[in-house]
Amino acid sequence: MTSTVWLTKDEHFRPGAELFRSERQFELFSYSATHGQLLLRADTMPGAGHRLPTKTEVLFNPVEAVQIQAAYRGLVIRCATDEEAARIYGDLPGDDFRSENARVLILDSEGVTGYVVTVNVGWCEGELSPLQPSFFNTFSPYDPLWPTKPLYGVGGGFDIASPQEVAEAFLTGLPEGVRRERHRHVHLLTAVTERDGRRRRDNLAVFLTEEDAEEARRLVEPHVASCWIEPLPVVL
């Protein structure tokens, strides 16, 4: 079972109010420039040598300014007091970027304080499938493509697998019980043929590189009614 909290209203963000507390060890897990999304994840306790059966994720969205650490041994998120917010805004370079709905949230951990200037914040805790990148990026029928990244949109691309990794996965298989946190797009060549007045659609081949797929399309195109290339994610 997954528990979810999402805070968006002014009544949720009273100055000085504590919003979230956890003893887990959090890490800066992902950032997406699309919608200014910042994701923290925790699946261990400080000093523990094993992962917990559940994961906790905290999402800030959209983020306008930030001062954070790469990791936190325990984490408290609270609303800034009026004095703290004024001091933080005073250190930022101008206020042209500032949203009317932005809130200053303070991140406390072992005596170290940071902040996130954001509009919304939420968190989820539960069991995360090895095939699911995060609680905050799930399959949507409005965009029917399996999500391969923890957050929707433009990211750093550090989870893109090499062609060699994809080939090795097909040859040797994937280990059981390991999270699928890398991906690569392959290229599916599809063609429509006509025979005796009937049209038939066939998936012809999958290519690791776009260049090979384009070359195959060039060779197939004169012999079919139409053909095209579709990029598809392979989750590793």
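Each reported figure results from applying straightforward, stated rules to the coordinates on display, with no laboratory input. Because the structure is a prediction, the values reported are computed rather than measured. Every residue, glycine among them, receives a Cβ derived from its backbone with ideal geometry; neighbour counts consider all protein chains shown.
Okay, residues lined up against (1) exposed (fewer than 12 other Cβ atoms within 10 Å of the Cβ); (2) part of a loop (DSSP other than H, G, I, E, B); (3) over 15 Å from the mean Cα position of the chain (by Cα); (4) among the polar types (S, T, N, Q):
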residue: 89; (1), (2), (3), (4): no, no, yes, no
residue: 101; (1), (2), (3), (4): no, yes, yes, yes
residue: 104; (1), (2), (3), (4): no, no, yes, no
residue: 107; (1), (2), (3), (4): no, no, yes, no
residue: 115; (1), (2), (3), (4): no, no, yes, no
residue: 120; (1), (2), (3), (4): no, no, yes, yes
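Where strands (runs of 3 or more DSSP E) fall entirely within the stretch 1-85, those with at least 3 residues that are touching a helix residue (DSSP H, G or I) at 6+ places or on another chain (Cβ under 9 Å) are at 55-67.
If you filter the stretch 166-184 down to residues that are surrounded by 14 or more Cβ atoms within 10 Å (Cβ to Cβ) and in contact (Cβ under 8 Å) with a residue 60 or more places away in the chain, you find that the one that is farthest from the chain's Cα centre (by Cα) is 169.
With the requirement that a residue be β-branched (Val, Ile, Thr) and crowded, with 17+ Cβ neighbours inside 10 Å, what does the stretch 64-87 give you?
Just the residues of the stretch 64-87 that are β-branched (Val, Ile, Thr), to begin with: 66, 68, 76-77, 81.
66, 68, 77 - these are the residues of the stretch 64-87 that are β-branched (Val, Ile, Thr) and crowded, with 17+ Cβ neighbours inside 10 Å.
Can you find, within the stretch 22-45, the residue that is nearest to residue 129 (Cα to Cα) among those that are of a type in the set (D, E, K, R) and free of Cβ contacts under 8 Å to residues at least 60 places away in the same chain? Here the residue is 43.
Give me the residue from the stretch 43-62 that is in contact with a Ser or Thr (Cβ under 9 Å, 6 or more places away or on another chain) and β-branched (Val, Ile, Thr) and, out of that set, surrounded by the fewest Cβ atoms within 10 Å (Cβ to Cβ). Per the stated criteria, the residue is 54.
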